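A quick write-up on the structure given underneath.
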Amino acid sequence: MPPRPRQRPLVANWDTLQRVFIRPEDETVRRTLLKYMEQILFGLHDFLRDHVGITQAIRLKDLAEGYGDSRIPAEPERKLAEVIQGLVEEVAPCAVNVASPYFIGHMTSAIPYFMVHLQTLVAALNQNPVKLETSKVVAVHERQVLAKLHRLVFRRSPAFYRRHIQRPASTLGCFVEDGTLANLTALWVARNRCFPRRDGFAGVEAEGWAAALTAYGVEHPVVLVSQRGHFSLRKACGVLGLGHRHILTVPVDHRQRMDLDALSRLLDRHHDSRRRSRVMALVGIAGSTETGSVDPLPELAALCAPRGIHFHVDAAWGGPTLMSDTYAPLLEGIQQADSVTIDGHKQLYMPMGCGMVFFRDPRAMDAVAYHAAYVNRPGSADLGIRSLEGSRPATSLVLGSALAIMGRRGYAVLIEHGIDTARRFAAAIARRPAFEVITAPQLNILTYRLVPSDLRGRLCSPDSSRRQAANARLNHINLQIQRLQREAGRSFVSRTTLDLPGLGDTVVLRAVIMNPMTTLEVLEDILDEQEALGQRVCRAEDPTA
Ligand SMILES: Cc1ncc(COP(=O)(O)O)c(C=O)c1O
């Protein structure tokens, strides 16, 4: 948006810059700085409450027309108060109100208010945990926070944590920006541990793939993951030079969990020195992105251990389920993993981005250690030695505080609300004749679709082409419903396409229940809206219906 014309132009000079670097040293300044915080904390909330549901009904194409300016202004254009007001009134309404209880389509949701305060503190301190010289106590604090989550996952003995928690040579895990980088870090370690240094070969990290394959007599290194694996794993295999075609997908059973017979066959075929093939890692999922399904982790661990295969669990979504004594058993076997991804910005209700990866063996990350002459020198306790990222925010200050404020019980209440509400939602869907549940919730994600009565019968037809035609029509209807609901901006459910036995590609509506304000009444409202939209779509295409 162009700035409003002003009487006295703003200028950038040494004096005005002094004011930008202001410190709250006297009362007037303090009051002014507080005023800006109020504008963010309350102004934003009030504006969104009064003006938007999920988002304003404006098309991206129209929005984009207002954002075509590629020049940096030569002189200052706006004061801070104006900038905040602009963000509140112009940007926020057309962004997505992910905190709405009616926003149940993605893994991003409301966060507790204290996160905003803690995030401000991180910016105010502006520490850089890459090295002790820019973080000091933050580095040891971070090690403590990582140890708490490591203990939640791996349940090692108190003596283990006493030994490793602050030992510079041990790394229990690390913070990264997101789940994508956490998965990449895990597979990076797995790759380097699969092709380590040996006589005359300095290791794959140093010499690259061609030398590694020659040194180990391998022609076909692969990674195995279920059909439901997150696409970040494919990216990781691309970045690591394995090639994303060499991440092989294992079919899933009717509960969307890795099919163990199919997995055994793939392991026999691809982890065989006579065939010069090797499985670099097997990835189990604890809460798949599309369906929330959890792979049979104990069985996967049992297949990996005797073969010496790195077992990674992508618990980016489901990891925090371990906080709940009631539902932690759903993730049984995770403690046998070699590495585990957990995203704080998902079910630990952290602001973006708080990816983490943990390793059962505190020396595993030695496989990715790097040093430099000016920082991260050998023997130092700098966290940047074993970390994909360099400079990064002190996210552990927020997460450590959140763990203190919430406690395990606080998080358990949120997790249990999500899973219990998802189950009640599935029952509510099943009660409605116009809908069917496609994948029941194992955690707090479920998929379903609208099935008008005239098509329901055709889905059961013995004639497969009639069945396929009905499914194609249902795909079209559900796609339209999802799109129209999103555009109306009152509620949001996402969609995906699952390859289902007997039906093939099937468009489903996907609900992620994590907002504690999302009640069954809200969910019934969302179904009512979808049902009405379904009728509209069917009528528009067949006015006689
Ligand atoms: C199971 C799983 N793994 C990894 C990721 C990647 O996380 P991020 O989007 O934080 O990179 C996601 C994201 O949805 C996920 O659901």
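The values are calculated or read from the model by the stated rules, or taken from the named source; none is laboratory data. Values in this document were obtained by computation on a predicted structure and should not be read as measured data. Because the Cβ atoms are built from the backbone with ideal geometry, glycine has one as well, and the counts that use them run over all protein chains shown. Please note that ligands, DNA and RNA were not included when accessible areas were found on the heavy atoms of the full protein model with its side chains. Shrake-Rupley method; radii C 1.70, N 1.55, O 1.52, S 1.80 Å.
Going residue by residue through the stretch 215-222, is there one that turns out to be in a helix (DSSP H, G or I), over 26 Å from PRO296 (Cα atoms) and away from the ligand (no atom under 16 Å from the Cβ)? Outline the logic, then answer.
Let us first name the residues in the stretch 215-222 that are in a helix (DSSP H, G or I), namely 215-216.
In the following step, the residues that additionally are over 26 Å from PRO296 (Cα atoms) were identified as 215-216.
Subsequent filtering for residues that are away from the ligand (no atom under 16 Å from the Cβ) retains 215-216.
For the stretch 215-222, residues in a helix (DSSP H, G or I), over 26 Å from PRO296 (Cα atoms) and away from the ligand (no atom under 16 Å from the Cβ): present.
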Criterion violated by TYR216 - all others in (1) more than 29 Å from LEU149 (Cα to Cα); (2) touching a Gly at 6+ places or on another chain (Cβ under 9 Å) satisfied: (2)
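Which count do you get for residues in the stretch 363-375 that are in a loop (DSSP other than H, G, I, E, B) and either surrounded by 21 or more Cβ atoms within 10 Å (Cβ to Cβ) or of a type in the set (Gly, Ala, Ser) (or both)?
Looking only at the stretch 363-375, we keep the residues that are in a loop (DSSP other than H, G, I, E, B), and these are 363, 369-375.
Then keep just the ones that are either surrounded by 21 or more Cβ atoms within 10 Å (Cβ to Cβ) or of a type in the set (Gly, Ala, Ser) (or both); that gives 369, 372-373.
The total comes to 3.
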Residues of the stretch 225-251 classified as farther than 18 Å from LEU184 by Cβ, open to solvent by less than 40 Å² (accessible area, probe 1.4 Å) and within 14 Å of the ligand (Cβ to nearest atom), total: 2
Leading residue by the ranking (farthest from GLU299 (Cα to Cα)) among those in the stretch 190-214 that are touching a strand residue (DSSP E or B) at 6+ places or on another chain (Cβ under 8 Å) and among the charged types (D, E, K, R): GLU207
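Say whether the condition of being over 24 Å from LEU509 (Cβ atoms) and within 16 Å of the ligand (Cβ to nearest atom) is met by at least one residue in the stretch 83-92.
Quick first cut of the stretch 83-92, residues over 24 Å from LEU509 (Cβ atoms) only: 83-92.
So of that shortlist, the ones also within 16 Å of the ligand (Cβ to nearest atom) come out as none.
Scanning the stretch 83-92 turns up no residue that is over 24 Å from LEU509 (Cβ atoms) and within 16 Å of the ligand (Cβ to nearest atom).
Please return the ranges of helices (runs of 4 or more DSSP H) entirely within the stretch 90-179 where 3 or more residues are under 22 Å from ILE334 (Cα atoms).
Details: elements: 114-125, 137-154, 158-164.
Once the helices (runs of 4 or more DSSP H) in the stretch 90-179 are filtered for at least 3 residues that are under 22 Å from ILE334 (Cα atoms), what remains is 137-154, 158-164.
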Selection count where residues are open to solvent by 50 Å² or more (accessible area, probe 1.4 Å) and within 16 Å of the ligand (Cβ to nearest atom), scope the stretch 295-334: 1
Residues being open to solvent by less than 20 Å² (accessible area, probe 1.4 Å), assigned to a helix (DSSP H, G or I) and among the hydrophobic types (A, V, I, L, M, F, W, C) - total across the stretch 412-445: 8
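Would you say THR180 is polar (S, T, N, Q), within 16 Å of the ligand (Cβ to nearest atom) and over 18 Å from GLY319 (Cβ atoms)? Reasoning before the result, please.
Details: polar (S, T, N, Q): yes; within 16 Å of the ligand (Cβ to nearest atom): yes; over 18 Å from GLY319 (Cβ atoms): no.
Against the criterion (polar (S, T, N, Q), within 16 Å of the ligand (Cβ to nearest atom) and over 18 Å from GLY319 (Cβ atoms)), THR180 does not qualify.
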Filtered residue count, the stretch 346-361, keeping only those that are buried (at least 21 other Cβ atoms within 10 Å of the Cβ), within 10 Å of the ligand (Cβ to nearest atom) and not small (Gly, Ala, Ser): 2
Count of the stretch 89-103 residues which are within 13 Å of HIS45 (Cα to Cα) and in contact with an Asp or Glu (Cβ under 9 Å, 6 or more places away or on another chain): 0
Test set (1) more than 16 Å from the ligand (Cβ to nearest atom); (2) on the phi > 0 side of the Ramachandran plot; (3) open to solvent by less than 10 Å² (accessible area, probe 1.4 Å) - MET280 fails condition number: (2)
Complete set of residues in the stretch 310-352 that are within 18 Å of the chain's Cα centre (by Cα), outside any loop (DSSP other than H, G, I, E, B) and without any contact (Cβ under 8 Å) to a residue 60 or more places away in the chain: VAL313, LEU331
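If you take the residues in the stretch 446-485 that are charged (D, E, K, R) and outside any helix (DSSP H, G or I), which one is modelled with the lowest pLDDT?
Applying the first criterion (charged (D, E, K, R)) to the stretch 446-485 yields 449, 454, 456, 458, 463, 466-467, 473, 483.
When the remaining residues are screened for being outside any helix (DSSP H, G or I), the result is 449, 463.
Details: ARG449: 98, ASP463: 86.
Only one residue tops the list, namely ASP463.
Kindly provide the set of residues from the stretch 511-545 that are in a loop (DSSP other than H, G, I, E, B) and polar (S, T, N, Q), ordered by number.
Restricting attention to the stretch 511-545, the residues satisfying the condition of being in a loop (DSSP other than H, G, I, E, B) are 513-519, 542-545.
Correct list: ASN515, THR518, THR519, THR544.
Residues being within 30 Å of VAL493 (Cα to Cα), part of a loop (DSSP other than H, G, I, E, B) and not charged (D, E, K, R): count how many of those fall in the stretch 14-71. Outline the logic, then answer.
Just the residues of the stretch 14-71 that are within 30 Å of VAL493 (Cα to Cα), to begin with: 40-67.
Among the residues that remain, those that are also part of a loop (DSSP other than H, G, I, E, B) are: 52-59, 66-67.
If we keep only those that are not charged (D, E, K, R) as well, we get 52-58, 66-67.
Of the residues in that region, 9 qualify.
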